[in-house]
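One structure is given here, and the rest of the page talks about it.
The values are calculated or read from the model by the stated rules, or taken from the named source; none is laboratory data. This one's a predicted model, so the numbers in the text were calculated from it and none came from an experiment. Heads up, the Cβs are rebuilt from the backbone with ideal geometry, glycines too, and the neighbour counts pull from every protein chain shown. Heavy atoms of the whole protein, side chains included, go into the accessibility calculation; ligands, DNA and RNA do not. Shrake-Rupley method; radii C 1.70, N 1.55, O 1.52, S 1.80 Å.
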Amino acid sequence: MAYPNFRYLAADKILGIDYDIKNRYGSGTYLLHAAIHGGGIEPPTSQLAAYAAGDAGAWYSFEGLNDLTAENLALPAIAFDEPFCVVNTGNSSRTVVWHGVGDQQEAEKVTYISGADPVLASLIVQELNAAGFETDSAPVSFAGDDPQNICNRNRPRAGVQLDLSLTLRKSFYADGDLSAPATALPENRLPDFFAYGDAIRRACSQVPLDSDTDDVPPVITQPRTPDDQAVSIAMRTPFAIDHSGGVAATTDEREQLLDRVHALVGTLPGERVMRATYGVPTSAALFAINAEVANDQLQRGVIDAVAQFEPSAVVSAIVADVNEALGAVNVNVQVSRADVPGAERDNTRTVGVLVGGTVISTPE
C-alpha cells in the first residue's frame, strides 16, 4: 500500500515497530543531510547521510524497520511532510537529500544528481568524479527539480537530490549485503563507502551557506508571501497540534528558546541515541540523601547542560521540588536570552519527571 503523505502513514503504522524517525537540528545557517527513504526502504541512505553529516552536522532519517515491507513506506518526495523533516529542511540553508534507485542499466554504478541548487550540485559532481565515482543527470521520472520536492523546501528553495544506483550501493558493503543487520554494523562498510562519503563532505565544505534568503522564508504549515521577512520556525515543545490541524510551530525566538530548554531539561542523558550526552539527569535527584543535595545536583546539572547545548540561554533561576512520595521531581527553570542581557527573566518553564524519566507535567 502506498501512502500519499505522512498523516495517512502514521495512522496506519506504528512508530518504533514499522518505522523510526531520527533527527538532529542545525543552528544558524547550516547544511542538512536527509534520508527520507532510509532504513530498509532504500538502504544504506540513512548511514550515508549520517556519515556525511558527521558527529555535529544537521541530519534527518526516516527509516523503514521491516525489510519485507519497508519499501511501502516510501512517501513521494514532492509530498513528504513528516514534521521533523519539514522543520529541519525549512530552516536549512543548503540541503542534500539521499535516495536509492534501481539500476537504470545493467550493473551500473552511478549517482544521478538533480535539484534546484546548481552550485552545490556542481561541487558534488566535481568531487565524486575526482574520487572515481560516475555521475549523471537524473531522468525526468525521478529527478528532484520540482519546487515541492523536499530537497527544494529549504530557505533558498533550492537543494540537491542524490539517487544512488543499486549496484553502487551494494559496493559499499561486504558481499553487497544491504539488509538491516548488515548495514547496522560499521565494520561491514567497505573502503568505497568512506571514499564516497568523504567526497560528499568535501563538496559540502566548499559551498557558501550565507545565500540571500530574505525573500524566501521557510514554510512550515502555511504559505508565505515574498514580502515576508526571513524567520526561523521551530516546532513547539511539547509537541502539539494547532487550531488548523497542523503541527504547532512558532517564529518567536523567545518561545523557541524556552521550548529548547524545556526539551533539554525533560530529557535524560542516553535517551537520544545520536546525542547520548544530551539532557539533564533529573531523576537521579530522587536518590539524593536529602533535599539540599538534590537541589544542588539539579542546579549543577541544568547549568552544565544549558551551557553545553543552549549557549544562547542564560539561566537566572532554578527551583527544584523533589516529591519522594510520588517518585517525581519538578524543575522550574528561569532563562533569558544571552543576546538580550536582563531581558524577560520572568519566563519560566516547569518540567515534571518521574524516576524512570517519563515527563509527567509540563505547565508553562
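A few comments on the model shown:
- Annotation: amide H of residue 313 within the under-5 Å range of 338, sequence separation 5 or more or interchain, hydrogens built in the peptide plane.
- Rounded accessible area per residue of the stretch 45-131, 1.4 Å, Å²: 35 Å²
- As a rough guide to protection, the peptides 39-47, 247-255 ranked by mean Cβ packing within 10 Å, highest first, stand as 39-47, 247-255.
- Surface share of carbon and sulfur [accessible, 1.4 angstrom probe, percent] for the stretch 78-219: 53 percent
- Residue-wise HN-Hα couplings along the stretch 152-160, as the Karplus relation 6.51 cos²θ - 1.76 cosθ + 1.60 with θ = phi - 60° gives them from phi, are 9, 9, 8, 4, x, 6, 7, x, 10 Hz; Gly and Pro carry x.
- Long-range amide H partners of residue 267 with built H, under 5 Å: 280
- Prolate/oblate/rounded label for the stretch 71-120 (Cα gyration tensor, a/c 1.5): oblate
- Size of electric dipole in the stretch 2-135: Cβ of Lys, Arg +1 and of Asp, Glu -1, about Cα centre, debye, nearest 20: 460 debye
- If a spin label sat at a point 7 angstrom from the Cα of residue 146 along the line to its beta carbon, the backbone N atoms of the stretch 5-32 nearer than 16 Å would be those of 5-7.
- Straight-line cross-link reach from residue 13 at under 23 Å between alpha-carbon atoms covers these lysines, not counting any fewer than eight positions away in the same chain: 22.
- By average C-beta atoms within 10 angstrom, highest first, the peptides 113-122, 100-109: 113-122, 100-109
- For residue 158, no residue whose modelled amide H falls within less than 5 Å of its own remains once neighbours fewer than 5 places apart on the same chain are excluded.
- Residue 304 versus residue 253: modelled label distance in nm, points set 7 Å from Cα along the beta carbon direction: 3.0 nm
- Only protein atoms count toward the accessible area here, which uses a 1.4 Å probe; on the stretch 1-73, the carbon and sulfur part of that area reaches 51 percent.
- Each label point was placed 7 Å from the Cα along the Cα-to-Cβ direction; for residue 167 and residue 210 their separation is 4.5 nm.
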